[in-house]
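The values are calculated or read from the model by the stated rules, or taken from the named source; none is laboratory data. All values derive from a computational prediction rather than experimental measurement. When we count neighbours, we look across all protein chains shown, and the Cβ atoms used for this are built from the backbone with ideal geometry, even at glycine.
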Amino acid sequence: MKHNDPIQAEERLREEFNRWASAGRGEEMAEEHAAIAAGLLAQMEFALDDKILDLGCGAGWLCGLLTDKVPQGQVVGIDVADEMVRRARERYAERVSLMFIRGEAEDIPWDENFFNKVISIESAYYWPEPGKAFQEIFRVLQPGGTVHILINLYKENVHSHQWREKLAVATHLLSGDEWCGLLTGAGFEQARHARIIDPRPVPDGYQSKWFESAEQMRRFRQEGALLVTGRKPAVPSWR
C-alpha cells in the first residue's frame, strides 16, 4: 500500500490506531514485542538522568521500562492515536517523570535539542513521511544524541511482507540501507543497521492471521527485527 496525501494518511493512522487501542491491542504489544525490545535495551547504555522520547509509544509499555532505567531523567511518549495516549496516561498516572502526549512523527510537539535518546519500536514504517520524521527527530535531539529505530516489516525479511495486504493503513517497505539513507539525509552520522533476533520458540499448532504457518513465523523470528541507529553530530556541520 502506498501513502498518498500526508494529511489524509495521518488521519487514517489516527483512526486505525484508535480502533486498535479500543480493542486492547496497545497493551498486547508489550508481550508481542517483549523479546526484541529486551534485545534492544540490552545493547544500549543509559544514564540515570537521560531524557528519552518514545515515538509511536502506543499504550506506553516501553516507556514504563525506560523510566526504570532513568530514575532521575524524563521519558516522553508520543503517539498519533488519542486513545493510546489516554490509556497510557491512565496506566502510568503515578510516574511523575513520565509524560504522554498526542503528536505526529513529522511534527513532534517538543522543543529542539531536548532529548538525548529517541527510540521507536514498530512504528516507523507507518509514518507517512519518514524522511521528514527523521528531520524532526534530529531537531529534538541534543547534539551527540542517538536514535534507535526497531521494526519487523522491512525488505530483507520476506516473511513479514504479507502484512501489508492485511493492514488497513499504508506502510513503507524499505531495506536496511534505505532506512540508513533516510537517516543520513536528515543529518545523522554513523547510520547503521543490524538485527535483533527473537529467540522465542513457536508452537507447532500456532495460528495467526499474520502468518501462513508456524514455520513461517519461525523463519520470521529467525530473520529478526531490523535495528537502525544514528547519531546527531556533536558539533554542527556548518562549523
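Would you point out the residue of region 123-152, among those that are in a loop (DSSP other than H, G, I, E, B) and either in contact with a Leu (Cβ under 7 Å, 6 or more places away or on another chain) or among the aromatic types (Phe, Trp, Tyr) (or both), that is surrounded by the fewest Cβ atoms within 10 Å (Cβ to Cβ)? Outline the logic, then answer.
Taking region 123-152 as the starting set, the residues that turn out to be in a loop (DSSP other than H, G, I, E, B) are 123, 127-129, 152.
Within this subset, residues satisfying the condition of being either in contact with a Leu (Cβ under 7 Å, 6 or more places away or on another chain) or among the aromatic types (Phe, Trp, Tyr) (or both) are 123, 127.
Details: SER123: 23, TRP127: 26.
Looking at residues that are in a loop (DSSP other than H, G, I, E, B) and either in contact with a Leu (Cβ under 7 Å, 6 or more places away or on another chain) or among the aromatic types (Phe, Trp, Tyr) (or both), I get SER123.
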Exercise. If VAL75 satisfies every condition in (1) in contact with a Leu (Cβ under 6 Å, 6 or more places away or on another chain); (2) assigned to a helix (DSSP H, G or I) but one, which is the exception?
Worked result: (2)
Seminar exercise, completed: Selection from region 180-239 of residues of a type in the set (Ser, Thr, Tyr), outside any strand (DSSP E or B) and at pLDDT 95 or above yields THR184
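Can we say ARG192 is surrounded by fewer than 18 Cβ atoms within 10 Å (Cβ to Cβ), of a type outside the set (A, V, I, L, M) and within 26 Å of ASN116 (Cβ to Cβ)? Give the derivation first.
Details: surrounded by fewer than 18 Cβ atoms within 10 Å (Cβ to Cβ): yes; of a type outside the set (A, V, I, L, M): yes; within 26 Å of ASN116 (Cβ to Cβ): yes.
Yes; evaluated as a whole, the condition is true for this residue.
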Exercise. Taking region 195-208 only, how many residues are surrounded by 17 or more Cβ atoms within 10 Å (Cβ to Cβ), under 19 Å from the mean Cα position of the chain (by Cα) and of a type in the set (A, V, I, L, M, F, W, C)?
Worked result: 1
Exercise. Within region 78-107, how many residues turn out to be touching a helix residue (DSSP H, G or I) at 6+ places or on another chain (Cβ under 7 Å), assigned to a loop (DSSP other than H, G, I, E, B) and acidic (Asp, Glu)?
Worked result: 1
For this session: Hey, could you check region 58-77 for residues that are buried (at least 24 other Cβ atoms within 10 Å of the Cβ) and among the aliphatic types (A, V, I, L, M) and say which is nearest to MET44 (Cα to Cα)?
Result: LEU66
Seminar exercise, completed: Pairing a residue in region 189-217 that is among the aliphatic types (A, V, I, L, M) with any residue that is assigned to a strand (DSSP E or B), where Cβ atoms lie under 6 Å and the two sit 6 or more apart in sequence or on different chains, gives ALA191/GLY230; ALA194/LEU227; ILE196/ALA225; ILE196/LEU227; MET217/PHE211
Seminar exercise, completed: Flagged in region 174-186 as surrounded by 15 or more Cβ atoms within 10 Å (Cβ to Cβ) and either within 27 Å of SER208 (Cβ to Cβ) or touching a Lys or Arg at 6+ places or on another chain (Cβ under 7 Å) (or both), in numbering order, are LEU174, GLY176, TRP179, CYS180
Seminar exercise, completed: Those residues of region 32-56 that are farther than 15 Å from ILE151 by Cβ, free of Cβ contacts under 8 Å to residues at least 60 places away in the same chain and under 15 Å from the mean Cα position of the chain (by Cα) come to a total of 3
